Every structure is written in structure tokens, then in C-alpha cells.
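Dropping the structure in here first, questions after.
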Amino acid sequence: MIETRLGSETLSHQSPMTVTQSMRKNSQEIPTHHLSMSETISTQLSEENSNLFTVDLNDKGLTEIPEDCCIPHLKYLVLNHNKIKTLTKDLIKFTELELLSLEGNQLISLPTEIHLLSKLATLNISHNQISCLPDELSQLGNIRNVLVSHNNLEQLPALLGDLVTLETLDVSGNSLKCLPKSVIDLKNLCVLNLDSNLIFTFPKVICYLPKLIELSLSGNQIHSLPKEIRELKNLRKLLLRNNKLTFLSVQLFQLTSLEELYLDDNKIAVLSDKVENLQQLKVLSVANNLLTSITEKLCFCGMMTQLILHGNQIKKLPRKIYKFRYLRELGINRNLLATLPEQIRNVTNLSVVECSGNAVLHIPIEIKNCIHITKVDLSCNKLSEFPSGLGSLTALTYLNLAENYFVHISADISSIKNLNHLDLSRNKLSSFSVYICRLEYLSYLDLSNNEISSVPLQVSSMNSLQILILCSNKFDSFPEELCAIKNLQKLDLSDNLIKWIPLEISNLQGLKDLNLSNNQLNSFPVEICQLATLENMKICQIDGIKFTNLPEELCKLAQLKELDISHNALETLPNDIGEIKSLVRLIAANNRLHQLPKSITSLNCLQELNLKKNQLTSLPNDFYHLQTLREINLDENPLLVPPREFCEGKQLFPIGCYLQRADVRDENLIQKIFQTISLGILKNDFEVFCKKLQLQNADITTLQKDRTLKIEDKVLAALNIWKQKHQFKMTPRGMIEQLVRILTMTDLYDLAARVRTLRVYAEALNI
């Protein structure tokens, strides 16, 4: 492997991304003091720190390079993900600098003084807004790595070729159409990344870079490869994904050092017999092309470890596949295969087989010889019988047989002792096979979209099972047997016909995720409120019987983070919903809510609130307290407070500002009503009024005995006690309506009428 030195560290030429990651790692692992923000940006540096040579100020919100970074002997300066727009001429002070990283800033250019960094070996200015590189860049006599990806470059400096020490150049994600001729002089260039540019013609100048080992031109508009490509004798990795290639020139197959070839997402119809010349080829990926067959000659690439053929029109694999002695991954999803070749038995190092989306009717028994297979995906095929050969694959941990035609599962499956993930969804299964229950290490099981109506008792032995998907089956009751799966964390029984939930569900004390949507429950199952560990709950009734209310016990689920109760007929939410302090996501769209409980504003972790299509006319005035809220959907509600136009942007700030002003108005109105009531209550009516307010006897007695207070002051004190008790459960409007009822029950009809008049007047003037 060719290597380049970064100071005292080593960078591998595996890819430009690897170089970037290694560079970051190196800046963190250099055996010296590592400066924090406070340690670096200071007015003075102590004598003992005078030899520091690493400064790392990633993500500090900086708008310029701090002056105090000008430390003698500074070698590594890392300022990624700040807000720096320009570099000053003070760069001349960094005479010893070897690494400068400014990735993810707001730079629009580099200063011409950049060439004064005479010892600079690595420059990373990726993810900025640079449209042009100065010619002076070509005077950096020690530069080895230049990373300028994801900028606005339309061309490179004409003198780029003067960077004769350059080993890695990443200019991906720009708007380049061609390369300067001087690139031919980059005799030490090992890695070149030109991904995601506007290149229509393969730049021939690249073909004369003698040390190039990795070349990436993915995401361009290249239609063909030049014959000169044969000159890249040392090329090991070539990436040409997502271009316009329709064929491959024969000269490509003269690159005998090539180890990895990526040609995905082109329009290649034929793979030449010449491919057998690539004797060092380990990885070939030609996914999403127009191949109808694979040449037998490919099998003579004896070093192949990964063969990816997804998304073509291949009807059969080559018979000589057995020659792939080192093949570990075979990817043939979305083709036209009817079977796998029997010769697969000799591909004994095979670890991953992905063959979904074909027309496979049969899997040869010989696959049992591939004892190292850990993953098999045969989903979306035409299998009707469980492939018996899979039963011998003792190393198998992942098996996907979804969307086939299985009616039952044979005993062979129980032999796959180490199986961890099993997907049998979208088949024709009429029962939950007892043989599945013998898979003691199974943690994920998907049996959704079948015709299962019961669960065997043996399911209790599945101690490793954590995720069980049984949605869209034929259950008419919650299977009590499931309540014995002691380590179950996620259970999906949505889209069944379940009418009741057993009390035994409380045994699932490790359950975190429960989906009971679209069933036939007559009311919200209060039994699930005993699941103290529940974090996600979904009972969305698009097709099921709709709930009209929720139990207050729901608020005991203190760990709940996500609650989806959409598409019901709810008119209210529990008064104490604010007690679910961990709630992050609340979906209550498509209900009949006309009012939100006051406590909802106590949900200080809430990030998403969807109340679309309800009957809300107002929001709580302290709605702005939900400072963590990021997504708000109040569409299709008859909102008056705040008006609909304040909610259309789905942002908390305008809603909060309006409601904050409304909060002040409502508080003023309530105090005015309190004053009106205090002046209208006679001494003889005070005790009756207090009892109608449901004040504690001790409070009433204390107020009655206090001779320092006038009767109107006692009434005000009583009203404030009442308000303090109800302010977190009732909106200001609700409190006013309740006061009107209390005054009416106390036979104070004139006073009740005055309070009504005040409320109507305030609403009319919007004060």
C-alpha cells in the first residue's frame, strides 16, 4: 500500500474520504497537549505551553482565525465547522504550519498569501463556497493532500501541475467540466476524486499519472472511456458510478492491477470476456445496468470477494461460479433468476447471499455446503417450500423470506441454531410455526401480513426475542401466550381484529414499543397503562373502532416518548397529560378535540405536535412555554386564538408571541372580573360562595376570622386561592365560564350577567 506522511503520522490512500478521516484522527492523536477554546484564545500563553503545535477549535462559532493561534512552532490548525468567511494576510505568521483544516466554513476564496505556508502538507477547505483557487496555490512546495470538495469551482488553476509533491486531490462536488493540461505533471498523485462534477468526457490527461492508485469519477456525464486508460498500470480502485456508460472499452481490461471496479447506475448491456484479464479483481459492482447475462470468463477472476449485480436483467448465473474460491458476498437482487446454480456448493467462503426480487422457485440443496453463510435474503421470490439446505447453515444469523408463497414452515428451520433475524412477512402462513419457537437466539421475528390467528404456548421459551411483528393477520383477541415472552421490547399487532386486551399484558415489563392500531377495541385499553417501560405507543384507528376518550391512567406512563392516537373520535385529552414529562412526539390528528388541557404546556421535552383536522378554536395562552417544539401542525382547525394565519408557518415563535400577548390580556380580564365579583359579594353570601368555589374549610375559616381584611379583600383572596388550584387544568376562558356557573348556583344572577358582559365585551374588542 502506498503511503503519504502527515507530519509524523501516516495517511492511507484507500480513498479521499479515508484521507480526510485520517487527517482528523491525526490532529486528535498527536502526542502533545490538546488545546481547548479557553486554553487557546487567551491574552497570554504560559511559558510551559510555548512548544504546543496542535490547535483544534472545531465548531466554536468563530468568524475569523483568533490572533492567539499564532503560536511558535504551530503545526496543526483545525478550525472545521465554524463561520469563517475570509483568511487574512496574517497567514504569513504560520511559518511552521503543516496542516490547515477549514472544512465546513463560509470561505469564498483563499488569499494569494497562501503560498507563504511553505511547510504546508495538508490543506482541507471542503464544504465552503470557494469559486476560484489562486494561482499561488501551485507554489506550495511541500503539499501532499488538497481537499476542496463541495465548493463552487468551475475550473482549477492552470499551474496546478506545479504541485509535484501532491499525492491526494479531492475536488468532488464542484462544477468542473475539464482539467488543466498541467495535471499530467502530477507525477506523485495517488488519489484523485472528481465525483459529482459536470464532466462529459473522460479527461485523457488523467491516464498519464503513473502513481495513480485510486480514481473516482462517479456522478458525472461520461459516455465512454478512452483507449488511453490502459496507461493507468498501477490503478487499484476505479469508481464510475452514475454516469452514461453504455459499453466498456477493451483497454479497461488491461488494468491488471485493478482490485475494485464500481460501475453501478450506468447503461451497460454487456460485460466483455476480456474481464478475465483482471486477475487481481476483488470487488466488482455493476448494479442497476442493463446486463442480461454474465460471461463465464468472469469466473476466472480468482481473487473475487464481492460481486454485486443488483438491478439488472440476468436470468442465470455462470456455471463456473465454483471458481470463486474467495467470494464472500454475492448480490443479485432484482434480476430474473429462477434458481441458483448447484455449483454454488463450491463457493465455500460465501458469507452473504442477497437474491431478493427475482423469480426463484427453488434453492438447491447443495447450498448446505456453504457453511460460512451468515446472511441470506430471498425475499420477493416464488418459493413455496422452505429450502431444506438452509437448515444446515449453522452460521446463519439473518434470514429474509418475506413475500413468497409459504403456507407452512418445516422443521428444518429449527436447525438454524444461531438465527437472530427472521422475516417471513407477506406469505400465506396460517399458523405461527412451533418450529420457530425453538430458535433460542432469535431476537427479531416478522410474521406480518399472513393469515395467523393464534400463537403456540411454546413461544414462552423464546427468551431472546425482542421484536415481534404480527400486524395484518387474523387475530380476534390479544394472544395471552405473548405475555410470557419476558424480554420482548417491541410488539406490533396492528391491523387485526382484536377486541380486548388481557390483564396479563402487564407481565411485559420490558416492553418499550406497542402498536395496536386499526383493531376492534371498543374503548382505549386501560390495561396497557400498567406497562411502565413503554416509550412508544401507537393506536391510530384509521380502519378500527374509534375511541371517544382516553383514561387518566395514561398519564402514568412516565417513560412515554411517542404517542400516536390519530384518527379517533377524541374530544379531549387527559387533564394530566403534562405529567408525561418524557413525551417527545404527540400525534393526535384527525380527532374531534375542541380544547387542549392546560397541562399540555408542561411537556418540556415535546418536539413534534400534530393536531391537524380537529375542532380547536384556541390554544392555551402559555403555549409558548413549549420551547423544545420543532414541528407543529394545526392545519384544518377553526382556530380563532391564535388566528389561522399565525399557525400556517408551523413555527412556535409567531404562535407564542400572539398567545403571550393574549396571556396578558386574559390575566387583565380575569383580574377585572375578580374585582367585579369582590364588589358584588355581600358578607352574608361569602361562606356559601367559598363553598361553591370548593375551598378547603380551613381556608374559609381563616379568611372569615381575619378582621384586618374587608369583605371585598376576602373575596379576592378566595378567588386567588381558587385560581391557583385550577390554573394548570383550565384555560382562562374555562375559568371564566366556571365562575359564571358558580355565581349562578349561588343565586347571584346579576353578578353572573355582569361577568358574562365583561367577557363578551373583551372578546369583541380583542383586548
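The values are calculated or read from the model by the stated rules, or taken from the named source; none is laboratory data. Computed from a predicted model, the values in this text were never measured in an experiment. Note that each Cβ is placed from the backbone with ideal geometry, even for glycine, and that neighbours are counted across all protein chains shown.
Which one is nearest to residue 64 (Cα to Cα) among residues in the range 98-120 that are hydrophobic (A, V, I, L, M, F, W, C) and in a helix (DSSP H, G or I)?
The qualifying residue nearest to residue 64 (Cα to Cα) is 114.
Just a yes or no: is a residue in the range 279-294 hydroxyl-bearing (Ser, Thr, Tyr) and within 24 Å of residue 214 (Cβ to Cβ)?
The answer is yes, given that some residue of the range 279-294 is hydroxyl-bearing (Ser, Thr, Tyr) and within 24 Å of residue 214 (Cβ to Cβ).
Mind checking which residues of the range 126-166 are within 22 Å of residue 76 (Cα to Cα), among the hydrophobic types (A, V, I, L, M, F, W, C) and part of a helix (DSSP H, G or I)?
Matches in the range 126-166: 137 only.
Return a yes/no flag: does the range 432-446 have any residue that is closer than 29 Å to residue 544 by Cα and more than 26 Å from the chain's Cα centre (by Cα).
Yes, the conditions are met somewhere in the range 432-446.
For the range 387-401, state whether one or more residues are under 30 Å from residue 517 (Cα atoms) and among the β-branched types (Val, Ile, Thr).
Checking the range 387-401: not a single residue is under 30 Å from residue 517 (Cα atoms) and among the β-branched types (Val, Ile, Thr).
State whether one or more residues within the range 262-279 are in contact with a Gly (Cβ under 6 Å, 6 or more places away or on another chain) and crowded, with 17+ Cβ neighbours inside 10 Å.
no
Which strands (runs of 3 or more DSSP E) sit wholly inside the range 519-592 and have at least 2 residues that are of a type in the set (A, V, I, L, M)?
Values: elements: 536-538, 562-564, 585-587.
Fully inside the range 519-592 and qualifying: 585-587.
Could you give me the residue pairs with C-beta distances under 7 Å whose first residue belongs to the range 189-211 and is assigned to a loop (DSSP other than H, G, I, E, B) and buried (at least 23 other Cβ atoms within 10 Å of the Cβ), whose second residue is modelled with pLDDT under 95 and of a type outside the set (Val, Ile, Thr) wherever it lies, and which are 6+ apart or on separate chains?
190/13
What single numbered condition from (1) under 50 Å from the mean Cα position of the chain (by Cα); (2) more than 27 Å from residue 576 (Cα to Cα) fails to hold for residue 746?
(1)
Find the residue count for the range 598-609, including only residues that are buried (at least 20 other Cβ atoms within 10 Å of the Cβ) and under 13 Å from residue 588 (Cα atoms).
2
Give the range 441-476 a look and list any residue that's modelled with pLDDT of 95 or more and among the charged types (D, E, K, R), or say none.
Answer for the range 441-476, where residues must be modelled with pLDDT of 95 or more and among the charged types (D, E, K, R): 446, 451, 474.
Given the criteria among the basic types (Lys, Arg), surrounded by fewer than 16 Cβ atoms within 10 Å (Cβ to Cβ) and closer than 21 Å to residue 522 by Cα, does residue 581 qualify? Even if it seems obvious, please write down each step before you answer.
Details: among the basic types (Lys, Arg): yes; surrounded by fewer than 16 Cβ atoms within 10 Å (Cβ to Cβ): yes; closer than 21 Å to residue 522 by Cα: no.
Considered against the rule, which asks whether it is among the basic types (Lys, Arg), surrounded by fewer than 16 Cβ atoms within 10 Å (Cβ to Cβ) and closer than 21 Å to residue 522 by Cα, residue 581 comes out as no.
Another question, if that's okay. Being over 22 Å from residue 238 (Cβ atoms), in a strand (DSSP E or B) and modelled with pLDDT of 95 or more is true for just one of 169, 123, 215. Which residue is that?
Details: 169 fails: over 22 Å from residue 238 (Cβ atoms); 215 fails: over 22 Å from residue 238 (Cβ atoms).
Checking each option against the conditions leaves just 123.
While we're on this one: Filter the range 405-429 down to residues that are polar (S, T, N, Q) and touching a strand residue (DSSP E or B) at 6+ places or on another chain (Cβ under 7 Å) and give me whichever is surrounded by the fewest Cβ atoms within 10 Å (Cβ to Cβ). Give the steps one after another, and end with the answer.
So in the range 405-429, the residues polar (S, T, N, Q) come out as 410, 414-415, 418, 420, 425, 427.
Those still in the list that are touching a strand residue (DSSP E or B) at 6+ places or on another chain (Cβ under 7 Å) too: 420, 425.
On the way: 420: 16, 425: 22.
Residue satisfying both the conditions and the ranking: 420.
Okay, residues lined up against (1) under 19 Å from residue 218 (Cβ atoms); (2) hydrophobic (A, V, I, L, M, F, W, C):
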{"residue": "270", "(1), (2)": "no, yes"}
{"residue": "274", "(1), (2)": "no, no"}
{"residue": "288", "(1), (2)": "yes, no"}
{"residue": "291", "(1), (2)": "yes, yes"}
{"residue": "296", "(1), (2)": "no, no"}
{"residue": "315", "(1), (2)": "no, no"}
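Identify all residues within the range 398-424 that are of a type in the set (D, E, K, R) and under 20 Å from residue 473 (Cβ atoms); write none if there are none.
Selection gives 403, 423.
Among the candidates 496, 507, 515, single out the residue that is crowded, with 22+ Cβ neighbours inside 10 Å and over 17 Å from residue 580 (Cβ atoms).
496
State the number of residues belonging to the range 59-114 that are at positive phi and either exposed (fewer than 15 other Cβ atoms within 10 Å of the Cβ) or modelled with pLDDT under 90 (or both). Steps first, please.
Applying the first criterion (at positive phi) to the range 59-114 yields 59, 61, 73, 81, 104.
With either exposed (fewer than 15 other Cβ atoms within 10 Å of the Cβ) or modelled with pLDDT under 90 (or both) added as a condition, the list becomes 59, 61, 73.
Residues meeting the conditions: 3.
For the range 372-406: of the residues being part of a helix (DSSP H, G or I) and not aliphatic (A, V, I, L, M), which is nearest to residue 345 (Cα to Cα)?
Of the range 372-406, the ones part of a helix (DSSP H, G or I) are 388-392.
Going one step further and asking which of them are not aliphatic (A, V, I, L, M), we end up with 388-389, 391-392.
Working: 388: 14, 389: 11, 391: 14, 392: 12 Å.
Among those residues, the one meeting the criterion is 389.
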